[in-house]
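Written out below as structure tokens is the structure these notes cover.
The values are calculated or read from the model by the stated rules, or taken from the named source; none is laboratory data. All of these numbers come straight from a predicted model, not from anything done at the bench. Glycine gets a Cβ as well: all are built from the backbone with ideal geometry, and neighbour counts include every protein chain shown.
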Amino acid sequence: MSAESAKAVQPDPEQVARDVAALVERARVAQAAIDDYDQARVDEIVTAAGWAVVNDENNRLLSEQAVADTGLGNVEDKFVKNRRKTLGLLRDLARAKSVGVIAEYPDKGLVEIARPVGVVAAIVPSTNPVATPANKTINALKGRNAIILAPSPRGQNVCGTLIELIHREFDRIGVPRDLVQKLPSPVNKAHTSELLKQADLIVATGSQNNVRAAYSSGTPAVGVGAGNVVSIVDETADPVAAAGRIVTSKSFDNATSCSSENNLIIVDAVFEATMEALAAAGAHMIDAEGKRTLQEALWKKGHLNPRLIARAAGEIAAVVGLEVADGTRVLMVEETGYGPKYPFSGEKLCPVLTVYRARDFEHAKEIARGIMDYQGKGHSIGLHSAMDERAMDIGLHLPVCRVIVNQVHCYATGGSFDNGLPFSLSMGCGTWGRNSISDNMNYRHYLNTTRISRTIEPDEPSVERIFGDYLSRHGIG
């Protein structure tokens, strides 16, 4: 194509701005229509949107279409993920206030009132083209907001199906369809960029390019960091239990989740036992020659090969030409270094797990820090140990926002029915990951909070009360 032809097919910026403005205006009208809804009515909207996903018939349709459209993951795990993440989110939201007065602090003379942020722009990835937009949509609706989804090109059709199913439920309860919209197909960068400029809030999940675009748009944005989860198996762990959790996590939905382990550090004392347990659970260690072959196939010109992302372990082995046993769930490679010269130390978005051998727990922490400094800083770390104090050690010293103890990591990081983290598919990584949040993205990030302040009894300290010990300790005055 000539330069002139390429220029001719570029969207007209003024038309793009008008297209997006029309969507945003419809969203504003819909949002205004529910602005005075009480909590019960808002919760009905939330429940309706949730039922559009959790309903088995809808979920099966969405799961099958997600895999057919994107070629990523597998249907059965998508079905479980959509149901589990949405049901867990609805549980969290059923216990939360998001309309009117949500908190009162009489001793401080403060009252907090929840208010909508307005129109939310949501960037969603192809790896989770149903669960992520459903989660963001339901959280936005909980705050009486409207939302416009900007799906990836590969996920735009299934996103459209999701919205159709939500609209059916909205028709049932009599609320505006325009509360939930998506950019028109075919989705392109021009319309996405314009949406980021015109919305009131951006919630961005996916590639770091998407997150950076959100932060640089000029619109308030909540973004999340890159995943590259490290897990440690220490000398007190149960190797069989740890291996079972790790293989379950790494193989789930073909490792589409940013919370799937990418690197496993095993302390020397239990290395052999853990490797045997991993093999018994369906993980296959590739030899040095196979590792070179896999590396050449998995990375092309420094980027992950899209043909191998989110494919099953057996499929990857077949494409690359590796011989593995039937039923292999995870491919493993052994590594000693980390950083750009060691690509296996980074995120792989497929069931390939990099294994490190550590002398002891302190050495394991050192390796983990090196890996995270290269990629995934701030996200999370898994710990398999019988020594609970080691979780505190990691939490105090390593640059991570979540320490997941003796759990299936990809289930637990984004909230689980047996832990207290909020159900989410978007994990904030704090300033370590160049994010403004360090918790799981949740409904509170979709709210403005108005505070009423009344007078209380004065609480003014004396100079002596604040400085007395300091002045005495240092002989001042």
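Remarks
- Test: residue in the range 380-393 that is closer than 21 Å to Asn82 by Cα and acidic (Asp, Glu): no
- Answer from Gly206, Gly282 - the residue that is at pLDDT below 95 and touching a Ser or Thr at 6+ places or on another chain (Cβ under 8 Å): Gly206
- Tallying residues that are in a loop (DSSP other than H, G, I, E, B) and closer than 19 Å to Pro399 by Cβ within the range 346-370 yields 2.
- Looking at Ala21, Ala27, Ala40, just one residue is out of contact with any helix residue (DSSP H, G or I) (no Cβ under 7 Å at 6 or more places or on another chain) and either in the same structural domain as Ile102 (by TED's automatic domain parsing) or modelled with pLDDT of 90 or more (or both), and that residue is Ala40.
- Of the helices (runs of 4 or more DSSP H) contained entirely in the range 374-477, those carrying at least 3 residues that are among the aliphatic types (A, V, I, L, M) and not assigned by TED's automatic domain parsing to the domain that holds Ile266 fall at 463-473.
Yes or no, residue by residue, for (1) assigned to a helix (DSSP H, G or I); (2) under 23 Å from Ser185 (Cβ atoms); (3) among the small types (Gly, Ala, Ser):
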residue	(1), (2), (3)
Asp19	yes, yes, no
Ala27	yes, yes, yes
Val42	yes, no, no
Thr47	yes, no, no
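- Residue ID - surrounded by the most Cβ atoms within 10 Å (Cβ to Cβ), chosen from residues in the range 196-209 that are within 14 Å of Ala146 (Cβ to Cβ) and out of contact with any helix residue (DSSP H, G or I) (no Cβ under 6 Å at 6 or more places or on another chain): Ala199
- Test: residue in the range 177-199 that is aliphatic (A, V, I, L, M) and within 19 Å of the chain's Cα centre (by Cα): no
- In the range 18-54, residue surrounded by the most Cβ atoms within 10 Å (Cβ to Cβ) [restricted to those that are over 19 Å from Val120 (Cα atoms) and free of Cβ contacts under 8 Å to residues at least 12 places away in the same chain]: Arg41
- Some residue of the range 242-250 being over 29 Å from Gly206 (Cα atoms), without any contact (Cβ under 8 Å) to a residue 40 or more places away in the chain and part of a helix (DSSP H, G or I): no
- Candidates are the residues of the range 210-224 that are part of a loop (DSSP other than H, G, I, E, B) and either among the polar types (S, T, N, Q) or crowded, with 22+ Cβ neighbours inside 10 Å (or both); the one that is nearest to the chain's Cα centre (by Cα) is Val224.
Residues are listed down the side, and each one gets a yes or a no for (1) more than 24 Å from the chain's Cα centre (by Cα); (2) of a type in the set (A, V, I, L, M); (3) modelled with pLDDT of 95 or more:
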residue	(1), (2), (3)
Ala364	yes, yes, yes
Leu383	no, yes, yes
Leu396	no, yes, yes
His409	no, no, yes
Phe423	no, no, yes
Tyr446	no, no, yes
Ser453	yes, no, yes
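- For beta carbons closer than 7 Å, sequence separation of 6+ or different chains, a first residue in the range 101-126 that is outside the structural domain of Ala32 (by TED's automatic domain parsing) and a second that is surrounded by fewer than 24 Cβ atoms within 10 Å (Cβ to Cβ) and not in a loop (DSSP other than H, G, I, E, B), there are no qualifying pairs.
- Flag for Val187 being outside any helix (DSSP H, G or I) and either closer than 30 Å to Gly100 by Cβ or among the polar types (S, T, N, Q) (or both): no
- Residue, nearest to the chain's Cα centre (by Cα), within the range 305-345, restricted to residues that are surrounded by 17 or more Cβ atoms within 10 Å (Cβ to Cβ) and in a strand (DSSP E or B): Val330
- Filter result for Thr161 (touching a strand residue (DSSP E or B) at 6+ places or on another chain (Cβ under 9 Å), of a type in the set (Ser, Thr, Tyr) and more than 21 Å from Arg41 (Cβ to Cβ)): no
- Of all residues in the range 324-340, those satisfying the criterion of being closer than 30 Å to Val267 by Cβ and out of contact with any Ser or Thr (no Cβ under 6 Å at 6 or more places or on another chain) are Val324, Ala325, Gly327, Thr328, Leu331, Met332, Glu334, Thr336, Gly337, Gly339, Pro340.
- Answer residue from the range 218-233, given it is more than 7 Å from Gly376 (Cα to Cα) and of a type in the set (Val, Ile, Thr) and is modelled with the lowest pLDDT among those: Val224
- Within the range 121-158, being touching a strand residue (DSSP E or B) at 6+ places or on another chain (Cβ under 7 Å), more than 20 Å from Ala255 (Cβ to Cβ) and of a type in the set (A, V, I, L, M) holds for Ala121, Ala122, Ile123, Ala140, Ala146, Ile147, Ile148, Leu149, Ala150.
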